[in-house]
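Data first, discussion second: the structure below is written as structure tokens.
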Amino acid sequence: MSLNLPDELVSIAEDVARAAGALLMNRPDSFTFTEKSSAVDFATQMDQQAEELIVSKLLAARPDDGIIAEEGAAKVSKSGITWVIDPLDGTVNYLYGLPGWNISIAAKSQEGVVAAVVFAPSINGFWSATKNGGAFYNGKKIKCNEPVDLKLALIATGFSYDLDLRTEQGERMRKLIPQIRDLRRNGAAAVDLCYVAMGAVDGYFESSLKEWDFAAGGLIATEAGAVISGRTGGAPDGDMVVCAGAALHAQLLAQI
């Protein structure tokens, strides 16, 4: 891999994310819905339009790259680089006019994710990272809070669209809430991971995430000093993603 390739990928991704953000900020007066796993798990026409814009611009810049995207765009890589895209993370926030929805774009190679951007235009938030190059928020280098004790921790989480799994998650939270400072449910996984990275929350965990939910935010968090894993401490996966500074991460794993 070229020494400067991760920086080049971040630059491309930033331009593309900002273009998608401009599209999405022009919020329509009405929405059309495509149901996914359930009636409350859906995509709007704006998810689809944003994905089309992102994919077309990425492939215009790097036509041999691969694509993995939430709304179905897929392409096998010929270059060794694959883009992992969530064109509108936090669709429910977007639908209701709440802040924090974002565009999440990561680039991965055989070494894992090497470049990442998350852009949340409704809160003027732009995060970026390259592998071994640090993490940044609006151009300023960021670090996670460390160490943090569980009883003083502000924790972010999210809930599954699966109603049975929501019940299980509610029980987990019932046990955890008396042991922490407080809980936040912001509604967008990528921004939650970025909030850990910049110290806006101390830790984050959520079940049932897909690769596009945590690929970009995960690199940003780890480059800011956080640990990201699955429930048992291995690679993050759909079963659970846990993210916090090392001391709090160990305490969260013991609880969840």
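Please treat every number below as a calculation from the coordinates, not as lab data. Predicted model, so just to flag it, every value in this text is computed and none were measured. All Cβ positions, even for glycine, are placed from backbone atoms using ideal geometry, and neighbour counts span all protein chains on display.
Sorting Ser109, Ser207, Ser128, Ser104 by the number of Cβ atoms found within 10 Å of their own Cβ, with the fewest placed first, yields Ser109, Ser207, Ser128, Ser104. Taking the helices alone, the chain has a mean residue ellipticity at 222 nm of -11500 deg cm²/dmol, built from -39,500 (n - 2.57) per DSSP H run of at least 4 residues and averaged over all its residues.
Once C-alpha pairs closer than 8 Å and six or more residues apart are averaged by separation and normalised to the residue number of region 5-141, the relative contact order reads 21 percent.
How large is the dipole of region 5-141 about the Cα centre if only Lys and Arg carry +1 and Asp and Glu carry -1, each at its Cβ, rounded to the nearest 20 debye?
380 debye
Region 60-117 and region 189-217 have Cα centres spaced 15 Å apart.
Annotation: lysines with alpha-carbon distance below 23 angstrom to Lys140 (same-chain offsets under eight excluded): Lys131. Our summary gives the chain a relative contact order of 17 percent, counting only alpha carbon pairs under 8 angstrom and 6 or more residues apart.
Classify region 5-141 from the C-alpha gyration tensor, please: rounded if a/c falls under 1.5, else prolate or oblate depending on whether a/b exceeds b/c. Oblate.
In straight-distance terms, cross-link reach from Lys57 covers every one of the lysines whose alpha-carbon lies under 22 Å from its own, apart from those fewer than eight places away in the same chain; here that gives Lys75, Lys78, Lys108. Helices in the chain that qualify as membrane-span-like (whole DSSP H runs, Cα extent of at least 15 Å along the helix axis, mean Kyte-Doolittle hydropathy of -0.5 or higher) are 5-25, 45-61, 211-223.
Of the residues Thr232, Thr91, the one with the fewest other Cβ atoms within 10 Å heads the list, and the complete ranking is Thr232, Thr91.
A straight Cα-to-Cα reach below 17 Å connects Lys151 with the lysines Lys175, residues fewer than 8 places away in its own chain not being considered.
Please rank Met25, Met240, Met198, fewest neighbouring Cβ atoms within 10 Å first, as an exposure proxy.
Going from sparsest to densest Cβ surroundings: Met25, Met240, Met198.
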